[in-house]
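A.B. asks: Let me begin by handing over the structure; questions about it come next.
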Amino acid sequence: MRKVFIDSDIFVLDLRYPRDVRYQVNQKFLGLVRTGRIKGATSIFNLLEVCGILSFNLSASDLVGLYADFCRRYRIKLLFPADATGQLQYPIETIFGQIQKKQGLGDAQVGYVASRFREHLSHFVSWNAPHFEGRVDLPALRPDEFMS
């Protein structure tokens with residue numbers, strides 16, 4: 001079974017915005033991920049983005065805990081674009097190519113990783129799916145669209 005790539009906004013909504021109108025759908029989606037009915041993955045760039053957003057409301061210790069426990073908490077795989085020696089692969093020309101598709105740096109980095117691991121992924125799931133349509137090599141859907 002191939003995995004779905006999960007964007008940062010889904011985790012941020014879960015951790016920070018319980019009163020958001022999308023929260024219940026978000027919880028249902030993440031529940032399916034946590035139980036293994038949906039296999040999920042995200043990138044190191046997404047994890048760092050989530051930590052950066054939450055850093056304003058968490059202690060340094062809590063932030064380290066979030067980072068260290070993130071994959072276990074959500075039962076997801078962390079995609080890290082590395083070579084055979086474990087060194088981060090960060091091809092500027094590829095990421096700049098993503099930026100040329102009208103993406104900010106963060107989305108360009110995420111798009112690069114999703115595209116790099118596309119043979120292991122079936123979909124890109126984000127509440128901002130329209131921002132990724134035609135910019136990642138995967139079908140981009142919102143969680144409610146993916147579950148229906």
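Just so it is clear, none of the values below were taken in a lab; they were calculated from the coordinates. Only a predicted model underlies this, so the values are computations on that prediction, with no experimental measurement involved. Backbone-built Cβ (ideal geometry, glycine too); neighbour counts: all protein chains shown.
Let's see how each residue does on (1) more than 12 Å from I6 (Cβ to Cβ); (2) free of Cβ contacts under 8 Å to residues at least 60 places away in the same chain:
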{"site": "I44", "(1), (2)": "yes, no"}
{"site": "G86", "(1), (2)": "yes, yes"}
{"site": "I95", "(1), (2)": "yes, yes"}
{"site": "I99", "(1), (2)": "yes, yes"}
{"site": "G106", "(1), (2)": "yes, no"}
{"site": "V110", "(1), (2)": "no, no"}
{"site": "P130", "(1), (2)": "yes, yes"}
{"site": "G134", "(1), (2)": "yes, yes"}
{"site": "R142", "(1), (2)": "no, yes"}
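A.B. asks: If you don't mind, another one. Just the residues that are part of a helix (DSSP H, G or I) and surrounded by fewer than 20 Cβ atoms within 10 Å (Cβ to Cβ), please, taken from the stretch 111-136.
C.D. replies: S115, R116, R118, E119, H120, P130, H131
A.B. asks: Kindly indicate whether A108 is under 13 Å from the mean Cα position of the chain (by Cα) and part of a helix (DSSP H, G or I).
C.D. replies: It is true that A108 is under 13 Å from the mean Cα position of the chain (by Cα) and part of a helix (DSSP H, G or I).
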